Amino acid sequence: MTKASALALLIGVIAGIASYVIGMPLPWMLGPMIGVTAAAMLRLPVKSPDKLRPVVIPVIGVMLGSGITPDILGEISGWLVTLALLPLFLCCAAGVSFTVYRRIGRYDPVTAFYAAMPGGLNEMLLLGEAAGGDSRRIALAHAARVLLVILCVALFFGLFLGVRAGPGNSGNWTALGDITALDYAILGLCALFGIPFGKLLRLPAGPVFGPMILSGAAHVIGWVEVPPPTLLIIAAQIVIGTVIGGRFVGATMKEVGTDLALALGATLGMIVVAIGFAEIITQLAGMPLSQAFLAFSPGGLTEMSLLTLAMGQDVAFVSVTHIVRITVVIAVAPILFTLFQRRFLRNE
């Protein structure tokens, strides 16, 4: 690990502890995210610890799987309404976001299109570059979207609904000694074999979804009844928050200021659309508004799943919805872009 990555992690740890002390929602991820973003803007010699992300992602997957129960699986039939409305939601959310980037931000049409798509950062960056878009602006747009969605959703739950997320806040602490050797072995195997299993499924976020499926199956069957130790979960969240903040390294204050302002407008627009669709789901399927809202919130899959677990909502439902969202966007975006080129660009 380089000195710059070590410094970023140190800042992440300090920011996480400070956030926990003041009672911030989801402190171990929000704190590092905000702290490292600030460090990047102040031009401190920090660098995203990207090599640690593949190490901690399976831990998060195993943790998310521990929240899957037989009762939750019995509610799968109630997910159909949400999944049926998801494509319409994506069209509406992307349309609002595109309008902000194109009409207000004056991005070129290609950059605005791929900056607006609520898909995975890496996938949209690759597709946007191939189509001739501005890769830096696309990357900053998606990094800012993830950051702002997490902030808005977590702060809303914490400040307005009174939910305090984070290990240790609600007595759910799992100590290193609370887990038997057999539990460690089963959870470790779920993480180890979940990675190739997730890749075999060929779904987005396979390294988190694979361990989540295996961990969920192990918990449902009853082979293990505990989540990973809380200290490991905290460490994983600190790394994820630090990586998100590190995405802004190298960007100028002017770039970030402009892109954050545009991303804030686009994100708030998508969140308003998400609230509207969540209300429809609540009325049609009788689902809690908070749970439906988390399912439609356009953040990253790993981050939204962490938020869901922290807020005590249905992890399986929200995670599957986000998996479908990202899959649909990746599959449909190139097709929509072709139609977009034929109709929109011709009238520009």
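The values are calculated or read from the model by the stated rules, or taken from the named source; none is laboratory data. Bear in mind the structure is a predicted one, so any value in this text is a computation, not a measurement. Because the Cβ atoms are built from the backbone with ideal geometry, glycine has one as well, and the counts that use them run over all protein chains shown.
Here are the numbers:
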quantity	calculated
Long-range neighbours under 8 Å by Cβ, at least six apart or interchain, first residue touching a residue at least 40 places away in the same chain (Cβ under 8 Å) within the range 176-190, second assigned to a helix (DSSP H, G or I) and among the hydroxyl-bearing types (Ser, Thr, Tyr)	Leu187/Ser215; Cys190/Ser215
Residue within the range 274-289 that is assigned to a loop (DSSP other than H, G, I, E, B), touching a Ser or Thr at 6+ places or on another chain (Cβ under 8 Å), touching a residue at least 60 places away in the same chain (Cβ under 8 Å) and not aromatic (Phe, Trp, Tyr) present	yes
Whichever residue in the range 144-195 is farther than 17 Å from Pro229 by Cα and not hydrophobic (A, V, I, L, M, F, W, C) and, among such residues, is modelled with the highest pLDDT	Gly194
Count - residues of the range 293-305 that are within 16 Å of Gly120 (Cβ to Cβ) and either among the hydroxyl-bearing types (Ser, Thr, Tyr) or part of a helix (DSSP H, G or I) (or both)	6
Residue ID - nearest to Val318 (Cα to Cα), chosen from residues in the range 195-224 that are assigned to a loop (DSSP other than H, G, I, E, B) and free of Cβ contacts under 8 Å to residues at least 40 places away in the same chain	Arg202
Members of the range 21-46 found to be more than 18 Å from Leu260 (Cβ to Cβ) and surrounded by fewer than 19 Cβ atoms within 10 Å (Cβ to Cβ), listed by number	Val21, Ile22, Gly23, Leu44, Pro45
When residues of the range 77-97 are limited to those that are of a type in the set (Gly, Ala, Ser) and surrounded by 22 or more Cβ atoms within 10 Å (Cβ to Cβ), the one nearest to Gly286 (Cα to Cα)	Ala93
Within the range 78-107, tally of residues that are at pLDDT 90 or above, over 21 Å from the mean Cα position of the chain (by Cα) and either outside any helix (DSSP H, G or I) or closer than 16 Å to Ile275 by Cα (or both)	3
Test: Val320 is surrounded by 17 or more Cβ atoms within 10 Å (Cβ to Cβ) and closer than 13 Å to Pro87 by Cβ	no
Residue satisfying condition, being among the polar types (S, T, N, Q), closer than 17 Å to Val149 by Cα and out of contact with any Ser or Thr (no Cβ under 6 Å at 6 or more places or on another chain), within set Thr338, Thr327, Thr308	Thr308
Which listed residue is modelled with pLDDT of 90 or more, farther than 28 Å from Thr252 by Cβ and not hydroxyl-bearing (Ser, Thr, Tyr), from Ile17, Ile68, Ile22	Ile17
Test: Thr302 is under 21 Å from Ser66 (Cα atoms), hydroxyl-bearing (Ser, Thr, Tyr) and at pLDDT 80 or above	no
Residue pairs meeting the criteria (Cβ under 9 Å; at least 6 apart or on separate chains; first within 14 Å of His142 (Cα to Cα), in the range 242-254; second among the basic types (Lys, Arg) and not in a helix (DSSP H, G or I))	Gly246/Lys47
So Leu309, is it under 19 Å from Gly119 (Cα atoms) and at pLDDT below 90	no
Residues within the range 115-135 that are in contact (Cβ under 8 Å) with a residue 24 or more places away in the chain and either over 17 Å from Gly299 (Cβ atoms) or of a type in the set (Asp, Glu) (or both), tallied	5
Scope the range 171-194; condition surrounded by fewer than 17 Cβ atoms within 10 Å (Cβ to Cβ) and either in a loop (DSSP other than H, G, I, E, B) or touching a Gly at 6+ places or on another chain (Cβ under 6 Å) (or both); matching residues	Gly171, Asn172, Trp173, Ala175, Thr180
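Residue by residue, here is whether (1) crowded, with 19+ Cβ neighbours inside 10 Å; (2) charged (D, E, K, R) holds:
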position: Thr99; (1), (2): no, no
position: Gly105; (1), (2): yes, no
position: Thr111; (1), (2): yes, no
position: Tyr114; (1), (2): yes, no
position: Ala130; (1), (2): no, no
position: Asp134; (1), (2): no, yes
